Structure formats: structure tokens, C-alpha cells
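Undergrad: Encoded as C-alpha cells, here's the structure I'll be asking about.
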Amino acid sequence: MIEIKGLSKKYGKFTALQPLDLQIDAGCVFGFVGQNGAGKSTTFSILATLLAPTSGTATINGADIIKQPKEVRKQLGYMPDFFGVYDQLKAEEYLDFYGASYGIPAAQREKLIPQLLELVNLSHKRKDYVDLLSRGMKQRLCLARSLIHDPAVLILDEPASGLDPRARIEMREILKELKNMGKTILISSHILPELAEMCDVIGILDQGKLVAQGTVSAIQQQLQSEKIISVKTFDMQKTIAFFEENPRITKIEVLEEGKAIQFLFKGGDEEQQALLKTAIQKEIPIISFSEMESNLEDVFMEITKEVEFS
Amino acid sequence: MNPVLNKELKLRFRSGKTFVGILFYLLALTLLMVALMYVLRTSSPSGFFKPQESRLMFMFLAFFQLGLVLFITPGLTGGVISSERERQTLSILLTTTQSSFTIVIGKLLSSISYLVLLILASLPIYSFVFLFGGISPTQLAQVFFFSLFTMLVIGCFGVLFSTLIRKTIVSMVTTYSVTLFIVAGTAVISLILFQIADIYAVATPKKVPSVYFSAMFNPGIVLADVFEPTVSEQIKEITGIKFPIWAAHLITYCIVIVLSLTISVRNLRANMKKGS
């Protein structure tokens, strides 16, 4: 379990991370979403014992990141957003080096390395030099490296950045497998839909501040004040005239060559149901009336925009 | 075995360049020795190679090797940590459970291991002097110990600067500058101090203790002391300090080694310090 209390980071007058309070349960996959410079990597660097916070603290499985950094490192597998590899080192030697760095005995490493390479689909590359691997393969190898000491918690900073669609899918599959293995995973991305699929909980960071937290649907409900409603009708004019009278409705648009409309509706489920009921009572020839799934990117933009204005 | 040392040795000795480097070094040393022997023999009126000349040849080789150590060590060690930082491999290394001390020592030993190999590989060439006499095995051992010690001192400076300075190029330039100061700077300062004292001294014979404190830093003077006991006598005479200069050199630089390594270890995870 990860417990973060008032964690902040300042560089002079610049605040990279505003006091952050967070609790992540064991086995949970937590996604940090935010634009570049939102504070994701700063948070991860602090948790990975690479950076001292200005204030606050955090514990990983009970180990304090400031008082017990070595304990934290044992519990933690860290994959940074940018990382380099050593020239002239083969994939299996790369893992062997880090295994030795974690104090794993040679005999145990010998058994462990093939298993890890298999997990990240790199068994066929075990004798290849690391610097000659593709970016996707390097990312997977780095993920295998972060698992070498069997950590309970994984911190993955933009693991899919710069990967082609196929490599992204492969990475996602591996992460799902890790989730099934019961690992607590903290993962970041600046693309919300990328995380939505695999994360149990999402936190949106903007300008160093956690502006939203919860499941994807909860965040949508929490932050979207207006719903997008789509209505298919036989009589466009009558339908538009009816909805235009309602003060809760704005931005009516005509779709599908005049057979459907879409508008923004301000209100909860009860108001939405009342609107439909009134339309039927007034004999508006409605074929279908449905709430549109709002685009996750739009949610993200809306949230970050709100913070910017406030 | 230290994981960093193990990995670095593997990387260094996997490259063919390492062995080509050793080959050329040994060739250059052999050529130098043959040329010296030729010059000494032809310049000798008897046409024989005398023990005294053999000693001269050994001294020449020893100073050549010291020069090599002073020239190569900053290049090998001046970027050990900063290059990891630039290559973006340091952050991963720092999240492992290895202590800062293990990482720093592993880096230092692996970077100077190549030079140690160069020096060990040159031993058979040095042994040639035994054919002609004039040098005791103890002197040979002293010279090699001194080369290794100097290498360790400069290596510690390299590691220190590469830990404190982010850019490898700046770190290397700083290490080379410090090395140059140790070799040339301290010699020039000693000379200036002596000249000043010579001009203003009233007492006869003149005693200039300050010369001792700048000369003891100079590896060239200490190496000369290994061959010529007269060097020690002269220093005693000039400075009035009877404590052997080689002992002062060793003690001072042992303190420097400990300080450099301590600062390097403490600053390796500098970002983890409060207020950083």
C-alpha cells in the first residue's frame, strides 16, 4: 500500500508539486494523467527515492521514503520516462547486472532471467546487445529489469511513450498480466484513454495539483456538469422548437443530414428523465433519445482548462 | 564481487580497442627502451652497458609511466558518474539497493583497472633492467606501488568531480586542471617560494619550510626521491624539516583519497538531500 501525505516539491519559487495526499491500496493500478510538466515525474521520482520532497512524506508498504530509502527500494520497481542502456551489454547480462545490484544470488538470477524475458516476450533476444534493440523492446526489457527483485510496487513513468501502436498493445498486455499477478502499479501518461482501460483509479494532475481522482466514470460524472444528448426524430423543426424552449439546453446541433440533433443538457438523471417524459407527452416524434459517451480527452481538457482559469 | 565493477570490467575487456591499446602501449615502451639502450651504449666510450646507465634507463621509464598515469587517469575517471547521468542510466542504478559507497568504489576501481593492467603488462619490459643491474627489486616494487597510489589519487579526484559536476566534459577538464596543478603547479610554487626566501632570507644557511609543504604534493619529486636519496637530503637542507617527504606525500594523499570518496558518496544521491 502507498500512503502519500502532503507531499510537495518546490524548485526555488517554482512549485512542481503542490501538497499531495493520496492512498493507493495494494493490488490497485493507479494512473496519473497530466500534461507535460504537470508533476507526474516529480511525484514518481520522490517515491522512487531519487528526489527529496520539500515537505510531506510517503510510505511504501510501511517503509518511509525519507527515513528508510533502502527498504523502499526493495519494495519498488521503477521505470523512468527516459532511460539509457549500456553499450555492449547483452539483454540477459543487463538483467543479471541489475539482479546483482539488488543482491540476488547468482544461482537465483540464472533461473529468474529467462522467466522475466519470457514475460516481456524477449526470450529470443536474450543474447542480443541491448543498445541494438528497438525502442519497444528496450521499454519491455526495462520493465523486466524493474521486476527483477520481485517488487510489490511498480512505478512506471510513461511506459508506452514513443511506442508504435503494436508495441503499445504489447506493453498494455504485459501490464494486465502484472495486474493479475497482484502488483500495485503506479503508471503515468499524458493520454487519458490510454490509462482508462487498464487503471482501477485515475488521478489527474495539473500544474502540480491533483485536480481529480477516482474511477474514470466517477471523474466524468464528478466533473462534467453538462451531458451530451443525442435525439433522432421524424420532425426536425418541431423537435428543435421543443428543445429550444428548455432553459437547461444549449448548443443544439443538427446531425446525420437532418435526421438527428445533439445538444448539451445541464442536469442530473431525474431532470433528463423529466425532459423525455415531457417530449413524449407533447407528442414530439422521437425515434431515439440517448446520452452520448463523452470523449475522455474532452473530460481531460475540460478539467485542466478549469484549473487554468481558476 | 561488486556488481558495478563486474559489469564495467565485462564491458571494458569485451572491446577489442582495450587490447589494441595495451599492444600499442607495450610497443611504445619497448621501442623507447631499445632506443635508450642504443643511445646509452653508443655514447659509452667502452661500448658496454653500465649498471649506472641501466638505472638511468629505469628512471626514465618510471617517469614515462608516471606521466602516462597522470595523463590517462583523468580521462578514465573524470566522467565515471557524470557519463552515467548523461546516458540516463544513473537514476535506475540509484533505485537499486546498492549503497552509494558500492557504486562509487565499483566505478573507481573499474575505471583504473585498465591502467593497472597496462602497468602490470609492462612489468616484463621493466624486468629487462635486471639483466644489467643497478636497480633493486625493492626499488622496482616502490615505483610500481607509487604508480598505483598516484593513479588512485587522481582517480579519486576524477570520481569526485564527476559526482559534483553534471557535465562530463567540465568534470574532465577540472580533473586535468587539478592534475596539472599537482604536477606543474606545485613544482612552480616550490621554486617561487624558494627564490623568494633566497632573496629575503637573512639567516645562513637559509631554511624555507614552506617549500616542503608545496613539494610534498608533487609526485615527480617523490618519485625522484625513490631513486636518489640525495633528493631527501637536499629537501631537509633547504626546508629544515626532517620528516621524509615521501611519508608526508602518502599521508596527505591518503587523507585526500578518504575526503574525495566521502564527498563523492555523500553527493551521489544529492537530490535526496533535504532542500535540494
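Undergrad: Under 17 Å from the Cα of A:Lys282, which lysines turn up, not counting those fewer than eight places away in the same chain?
TA: A:Lys232, A:Lys238
Undergrad: Further question on the same structure: Take chain B, connect every pair of alpha-carbon atoms lying under 10 Å apart with a spring to form a Gaussian network, then pick out the residue of B:Pro209, B:Pro74, B:Pro137 with the largest mean-square fluctuation.
TA: Per the Cα network of chain B with a 10 Å cutoff, B:Pro137 tops the list.
Undergrad: Taking the inverse of the average 1/r across all pairs of different Cα atoms in the stretch B:1-88, what Kirkwood radius in Å do you get?
TA: 16.2 Å
Undergrad: Given the DSSP H assignment, sum -39500 (n - 2.57) over each helix run of at least 4 residues in the protein assembly as shown and divide by its residue total; what's the result at 222 nm in deg cm²/dmol, nearest 500?
TA: -18000 deg cm²/dmol
Undergrad: What is the average number of partner chain Cβ atoms found within 10 Å of a Cβ in A:95-103?
TA: 6
Undergrad: Starting from the Cα gyration tensor of chain B, take the square roots of the eigenvalues, sort them a ≥ b ≥ c, and report rounded, prolate or oblate (rounded when a/c is under 1.5, otherwise prolate if a/b is larger than b/c, else oblate). Walk me through the intermediate numbers first.
TA: On the way: a/c = 2.60, a/b = 1.32, b/c = 1.97.
The shape class here is oblate.
Undergrad: What is the Rg over Rh value, at two decimals, for the stretch A:226-292, using alpha-carbon atoms and the Kirkwood definition of Rh? Don't skip to the end; give the middle numbers.
TA: On the way: Rg = 10.6 Å, Rh = 11.7 Å.
That ratio equals 0.91.
Undergrad: Between B:Arg85, B:Arg55, B:Arg41, which gets the highest mean-square fluctuation from a Gaussian network model of chain B, Cα cutoff 10 Å?
TA: In this elastic network of chain B, the residue with the biggest mean-square fluctuation among B:Arg85, B:Arg55, B:Arg41 is B:Arg41.
Undergrad: Taking the Cα-to-Cβ direction at A:Ser217 and at A:Lys266 and moving 7 Å from each Cα, how far apart do the two end points lie in nm?
TA: It works out to 2.7 nm between the two label points.
Undergrad: Please compute the volume of the convex hull spanned by the alpha-carbon atoms of the protein assembly as shown and report it per residue in Å³. Before the final figure, lay out the partial values.
TA: Values: hull volume 126.8 nm³, N = 586.
Residue-normalised Cα hull volume stands at 216 Å³.
Undergrad: Using a Gaussian network model of chain B whose springs link C-alpha atoms within less than 10 Å, name the residue from B:Tyr38, B:Tyr253, B:Tyr176 with the highest mean-square fluctuation.
TA: B:Tyr38
Undergrad: Among A:Ser8, A:Tyr102, A:Leu154, which residue has its Cα furthest toward the positive end of the charge dipole of the protein assembly as shown, with +1 on Lys/Arg Cβ and -1 on Asp/Glu Cβ?
TA: Positive-end residue among those listed: A:Tyr102.
Undergrad: Let me ask another. Provide the three semi-axes, in whole Å and in decreasing order, of the ellipsoid equivalent to chain A as defined by the square roots of 5 times the Cα gyration tensor eigenvalues.
TA: 47, 23, 16
Undergrad: Take peptide A:48-59, look around each residue's Cβ out to 10 angstrom, count Cβ atoms belonging to other protein chains, and average those counts. All intermediate terms of the calculation are to be shown ahead of the outcome.
TA: Values: counts 4, 5, 8, 6, 8, 2, 3, 1, 0, 0, 0, 0.
Mean inter-chain Cβ contacts per residue within 10 Å come to 3.
Undergrad: Pairs A:Lys90/B:Lys167; A:Lys40/A:Lys90; A:Lys5/A:Lys67; A:Lys90/A:Lys111; A:Lys10/A:Lys40: which are spaced more than 25 Å apart, C-alpha to C-alpha?
TA: A:Lys90/B:Lys167; A:Lys40/A:Lys90
Undergrad: Taking a cut-off of 19 Å between Cα atoms, list the lysines near A:Lys183, but don't count ones fewer than 8 places away on the same chain.
TA: A:Lys74
Undergrad: Next question. May I ask for the net charge around A:Glu244, where only other residues with Cβ less than 12 Å from the Cβ of A:Glu244 are counted and Lys, Arg are +1 while Asp, Glu are -1? Before the final figure, lay out the partial values.
TA: On the way: positive: A:Lys238, A:Arg248, A:Lys251; negative: A:Glu245.
Taking every other residue near A:Glu244 into account, the sum is +2.
Undergrad: Would you be so kind as to identify which of A:Met198, A:Val85, A:Leu22 lies farthest towards the positive end of the dipole of chain A, taking Lys and Arg as +1 and Asp and Glu as -1 on Cβ and the Cα centre as origin?
TA: A:Val85
Undergrad: Now a separate question. Let me know the charge dipole size of chain B about its Cα centre in debye, to the nearest 20, where only the beta-carbon of Lys, Arg (+1) and Asp, Glu (-1) is charged.
TA: The calculation lands at about 1020 debye.
Undergrad: Moving to a separate point now. What is the magnitude of the charge dipole of the stretch A:226-292 about its Cα centre, with +1 placed on the Cβ of each Lys and Arg, -1 on the Cβ of each Asp and Glu, and no other charges, expressed in debye to the nearest 20?
TA: Numbers: 9 positive and 12 negative charges, 12 e Å.
My answer is approximately 60 debye.
Undergrad: Scanning chain A for chymotrypsin sites (Phe, Trp or Tyr not before Pro) in DSSP loops with at most 16 other Cβ atoms within 10 Å, what's the longest stretch left with none?
TA: No qualifying site falls inside A:83-233, the longest such stretch.
Laboratory data are not the source of any read-out in this text; all were calculated from the coordinates shown. As the structure is a prediction and not an experimental result, all values here were calculated from the model. In this analysis, Cβ positions are derived from the backbone assuming ideal geometry, glycine residues included, and neighbour counts consider all displayed protein chains.
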